[in-house]
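Before any comments, here is the structure.
The values are calculated or read from the model by the stated rules, or taken from the named source; none is laboratory data. Keep in mind that this is a model prediction, so the values were computed, not measured. Note: ideal-geometry Cβ built from the backbone for every residue, glycine included; neighbour counts use all protein chains shown. All accessible areas refer to the heavy atoms of the entire protein, side chains included, with ligands and DNA or RNA removed. Shrake-Rupley method; radii C 1.70, N 1.55, O 1.52, S 1.80 Å.
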Amino acid sequence: MSNLDNINPPAISNELGGLHPINQTKDYLLNLLADFGFKEVYGPEIETEEFNFDMLNIKKSHPARQMHDTFYAEGKKNVLRTHTSPVQIRSMLASKPPIAFTSAGKVYRKDDDATHLPMFHQVEGIYVDHNVTFANLKDLINRILFELFGDNIQVRFRPSYFPFTEPSAEVDILSEKGKWLEILGCGIVNPIVLENCNIDSNQYSGLAFGLGVERIAMLKYGVHDIREFYKSNLDFLQQFK
Amino acid sequence: MKILYQDLINFLSEKPSKEELSEKLFQLGHEHEISGDIFDMELTPNRGDCLSLLGLARDLNIFFGKSDPIDIFDNNINDLEIDFENLSPLDCPQISFLEIEIEEETQSYRTYLDNYFNAIGNKKTNLFTDISNYISYELGQPTHCFDKDTIKKKLIFENKECNRTFKTLLGSEITLKDRNCLFTIDDEVISLAGVMGGESTSCSSETKRVLVECAYFNPESIIGKSVKYNLVSDAAHKFERGVDIASQEMTLRRFIKVVQDHAKIKSLKFKSFTYEQRQNTKLQIDVNKINKILGTSLERNEYLRYLKSLGFNISNQITIPSYRHDIHTNNDLAEEIARVVGYNNIKSAPISLEKFVNNDEVKVSKLESFFVKNGYYEVINFPFTSNKEKESINIDNPLDKNRNNFRISLKDSLIKNLIYNERRQKDSIKLFEISDIYTKDKELKQQKKLGLIISGRQGHNYNNFSKKLDKKYLNDLLNVNENIDNDIFEIIEISRNSIDTKKKDKIFYVETPVNDIPKSFFLKLDHMQKAKNFIDYKPISEYPSSTRDFSFLIDDLYQFDNFIGMLDKVSDEIIKDSFIFDFYKDDRKKVIKLGYRFIFQSNLGTLSDKDINTKINEVLGPILEIKGVSIPGM
C-alpha cells in the first residue's frame, strides 16, 4: 500500500435530495389505502359551491360557508376547496357502486395562526356498496390506525357532526403520555349525499373518512410546529431523506 | 360553554362522580375539559339543545336519570297589552313578552345565582340581566330584558336593510350593514335581535319595571351576525344552533320564580304571539333499518327504550321532540342509538376489498425520483401572491392584500425559497416543486407544472465542491435522453439585480408543464420506491453555523485507511455536517492532501470561537496522533 497508485480515493456518497415530508406522508397513506382496495381519484383545487358544499349537504347557512372561513374566488363564482370531498362527489357521479375511492391533496381554509394554515393537505376515502355498516367503518379505521401506529395502539370512537355523514365519528388514539389525540373524522355517508350523486340510498350505503396529512406527519415525525413544513428550510427538509 | 359540576348533578337523579360524568359525556359526543369543578363543554354545532343544564341532563337521562329541580311560577298571569308588530314572522315565528314590576327593595343573591357568577366567572350587571343570563344557562333559552320605562311607543320586529350605527348594551358602537333582524321603535334600532340589545333600552340596577322578550328566531336569520359585528354573544351562539320553539312560556315562568326569590313582585303581565304552528317530525319505527346502518342486532324494545330515554315520544311511530332540530331520518336515529350504546361498544365487522395497484401518477413519481437521486429537495409553497396577471384567479376575500391572487407560475415561490436558504448559509441549493397551477381564460384552466431552481456549488463531495451549478450542468442533467427536444426545458438565468442579496452565484430556473415533457424523457427514469420509514425529527437550530476547513497532509500512505476511518467516525452534537471537499495525490512528493470541512451549529445558542476550538482540539487530537498525518501550519 506504500504506492500512491494503490490508494483508493475516499468513497463518494451519493448526495441524495428528498421528497417533502408532507408528500411522503400523503403517499404513504395513499399506498396503505390502495393495499386496502381504494383507488385514487383526482379533482381540482378550485371548485364550485355546488360541489364543495351543496352536494355534500352543507346548507347555505352553515358557518363553514362564510367569508371568514372559506376563500371565495372570481366574484364568488368559485371556492378554494375546503376539503377533498368534492373530488369524491365528481367521481361518484361518474361511476356506479361498488366504489372505493381515495382523494388527496391541498385544501384551503381562511386561517393563519400558529396552529392553522391557509393551506394544508387531506387524504379522504369513501366506500359505497350494498350493506355497508358502521361496524364495517370501525373495522377499516382500526386497521388503518393499527398500520399507522402499531397493533397495540388504543383507539377511541366519539360521536361528532359532519353534514355529509350520519352517524359521524371522530377517532382518537391514546398517546404514550396517556393523552387522547384526535386523528381523523369518519362516518356513514349521509343518504342525502348518495342521492345527490344519483346513487339509490335504499340499495346502497357507504362509509367515509378523512385524515389531515399534516396532523399525521406531525405525530409520526415528532414535528411540533406545523409552520416548519412550509418554510422550505433545507436544514429541515434534509432530515426527511 | 362552562358548566358547574354541582349544578349539572342537581339536574340528575343519580349523583355520578366527575370521572363517571366525564366518561358518559364523551360517549355521547360532548367533548369537554375539566378544571376543578368546571366542565368546559365544546358541543358539536348540531346539538344546540345541549347548551344548558337541562339539555345535558336530557342527554344523560339514560345513564343517571333526569331529576326535575326547576321550580316555575304556575299561577295565572294577566294579559299584557303591548303595542307590538312582527313584520317578519318567517324570521321570528314565536315570541313572548313578560312585564314584571318589583318593589324597590331587593335581596342579596341566593346561593344558586351567586355560585353561577362566582364559579363560572361571569360578570354581574343588574338583577334582571343576571337572571336572564342564569335562565339561559339553566334552560338554554335566551331572553332579553328591556327597561320598560324606555319602551314608550310601538315596538316593531323587522328584517330590514340598513346602514346606521347602533350602540350595544356593552357600550360598543357598531355600524349595521345589509339586512339584519332588528327591534325598532320609531325607526330607531333598540336591539340587534338574537344577538345583543342596545344601550338606550338596557336595564340598570335602578330598573324596577322590565319587559322580558323571549323568542324563537330562525337560525338562518341569526347566523354570522355576531362574527360580522365582532360581538361575543351567548344568545347568538344558541339561536344560531336552534332553541326549543316550545319553551318560551316555561322559560318566562321560570324567570318569574327566580325574580320572586330576590324581590317582591308588584305586577306581572304576559303575552305570547305565535305565527306558525309547527308539527313535530315523525318517523316510522324500523329497528331493522337501524341495525342495517349500524351493523348491530338490536331488539325492538331495546331500541325504543333508548329513544324514550332521550325524550322521543313513542306510539305507533316516533315523534321527535321540539328541541331536537337535528333529527330527520333513520340515519339520525341510528346515531342516537350508537351514542347511547357507545360507539366503542359496537362490534367491528370486516369488509373485503381487492388490493388496488395505482399507476395513475407514474410521470410525477418518476420526476420526483429523478430529482431526488440528483440531490434535489422537494418544496411545497402556498399559492397566494400579490402579483396579478390577466389570467390570474382573484381571491375575493384574501387573508391580506399581498395574498389576493393565485400564482400562475412556480418561479417567485422558488426564488423566495432559494434566497431564504442562502441567508441560512446554504452554498449548494437544488429545489423543485410539482404543483397544479390554475389560470383563467374563458374557463378555468388547471395544469400540473414542474419548477426547479439551482444556485451555488454542484455538491459537497471533492468532485463537485469547486464546480458551480450552471446552465451546462442543467443541460447535462435534463438531457437524459439525447433524442428529446431541448426546448422542453427552457433554462433561464434569474437576474440578482432585483433580489436583496449579496451572493454572486448565478441562479438558473426551469419551469414546464408536466404533460409537455415527452414520453421519451421518462423512458430511462425509475419509478420511486415509496417504502416508508418515519424518522425521528430533531428540531433545527435557529442560531448561525460556523465553518472550519482543514488541509491534511498524509505522508505515511500505510496510515491512509486508518485516517479515513477515524474521520468517518467523527460525530458530535454541535458538528452539524463534515465532509471531504478536496482530495489530491501529489505524485511528485508521494503524499496525499485532503481538504476537510466541519460545520458547527448548536441548538442552544451561538457558538463562540472558544467553543469551536475546544471541540476541534477534542476531535482532531486523536487523528493528528496518527503517524504521518499532519495539518501544515497548525
Would you be able to tell me the number of residues in region B:208-239 that are assigned to a loop (DSSP other than H, G, I, E, B), free of Cβ contacts under 8 Å to residues at least 40 places away in the same chain and surrounded by fewer than 20 Cβ atoms within 10 Å (Cβ to Cβ)? 2
Using the structure shown, decide if A:PHE236 is of a type outside the set (Val, Ile, Thr), free of Cβ contacts under 8 Å to residues at least 40 places away in the same chain and surrounded by 22 or more Cβ atoms within 10 Å (Cβ to Cβ). no
Name the residue, out of A:PHE164, A:PHE146, A:PHE157, that is of a type in the set (Phe, Trp, Tyr), more than 10 Å from every other protein chain (Cβ to nearest Cβ) and free of Cβ contacts under 8 Å to residues at least 24 places away in the same chain. A:PHE146
What single numbered condition from (1) crowded, with 22+ Cβ neighbours inside 10 Å; (2) assigned to a loop (DSSP other than H, G, I, E, B) fails to hold for B:PHE73? (1)
Quick one: how many residues across region B:24-53 are of a type in the set (Asp, Glu) and either in contact with a Cys (Cβ under 8 Å, 6 or more places away or on another chain) or closer than 30 Å to B:ASN218 by Cβ (or both)? 4
Matching residues, region A:19-36, being at the interface with another protein chain (Cβ under 7 Å from one of its Cβ atoms) and open to solvent by less than 10 Å² (accessible area, probe 1.4 Å): A:HIS20, A:ILE22, A:ALA34
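The rows are residues; the columns are (1) assigned to a helix (DSSP H, G or I); (2) in contact with a Phe, Trp or Tyr (Cβ under 7 Å, 6 or more places away or on another chain); (3) within 14 Å of chain A (Cβ to nearest Cβ).
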site: B:ASP244; (1), (2), (3): no, yes, no
site: B:MET250; (1), (2), (3): yes, no, no
site: B:SER267; (1), (2), (3): no, no, no
site: B:GLU276; (1), (2), (3): no, no, no
Qualifying residues in region A:41-75 (those that are of a type in the set (D, E, K, R) and crowded, with 20+ Cβ neighbours inside 10 Å) - the one nearest to the other protein chains (Cβ to nearest Cβ): A:GLU45
Looking at A:VAL213 and the list (1) more than 11 Å from chain B (Cβ to nearest Cβ); (2) buried (at least 23 other Cβ atoms within 10 Å of the Cβ), which single condition is not satisfied? (1)
Test result for A:LEU140, within 12 Å of chain B (Cβ to nearest Cβ), open to solvent by less than 20 Å² (accessible area, probe 1.4 Å) and assigned to a helix (DSSP H, G or I): yes
Answer yes or no: is there a residue in region A:2-9 that is part of a loop (DSSP other than H, G, I, E, B), within 7 Å of chain B (Cβ to nearest Cβ) and either of a type in the set (Gly, Ala, Ser) or out of contact with any helix residue (DSSP H, G or I) (no Cβ under 7 Å at 6 or more places or on another chain) (or both). yes
Using the structure shown, decide if A:ALA94 is more than 10 Å from every other protein chain (Cβ to nearest Cβ), aliphatic (A, V, I, L, M), in contact with a strand residue (DSSP E or B) (Cβ under 7 Å, 6 or more places away or on another chain) and open to solvent by 10 Å² or more (accessible area, probe 1.4 Å). no
Out of (1) open to solvent by less than 20 Å² (accessible area, probe 1.4 Å); (2) free of Cβ contacts under 8 Å to residues at least 40 places away in the same chain; (3) facing chain A (nearest Cβ under 10 Å); (4) within 28 Å of the chain's Cα centre (by Cα), what's the single condition that is false for B:ARG407? (3)
Looking only at region B:170-201, which residues are outside any strand (DSSP E or B) and open to solvent by 30 Å² or more (accessible area, probe 1.4 Å)? B:LEU170, B:GLY171, B:SER172, B:LYS177, B:ASP178, B:ASP186, B:ASP187, B:GLU199, B:SER200
Of all the residues that make up region B:293-311, how many are within 14 Å of another protein chain (Cβ to nearest Cβ), open to solvent by less than 20 Å² (accessible area, probe 1.4 Å) and out of contact with any strand residue (DSSP E or B) (no Cβ under 7 Å at 6 or more places or on another chain)? 2
Within region B:420-455, which residues are within 23 Å of B:LEU477 (Cα to Cα) and not in a strand (DSSP E or B)? B:ASN421, B:GLU422, B:LYS426, B:ASP427
Could you check region B:365-390 and list, in sequence order, the residues that are over 29 Å from the mean Cα position of the chain (by Cα), facing chain A (nearest Cβ under 7 Å) and among the hydroxyl-bearing types (Ser, Thr, Tyr)? B:TYR376
How about region B:117-135: which of its residues are in contact (Cβ under 8 Å) with a residue 24 or more places away in the chain, surrounded by fewer than 20 Cβ atoms within 10 Å (Cβ to Cβ) and assigned to a helix (DSSP H, G or I)? B:ALA119, B:ILE120
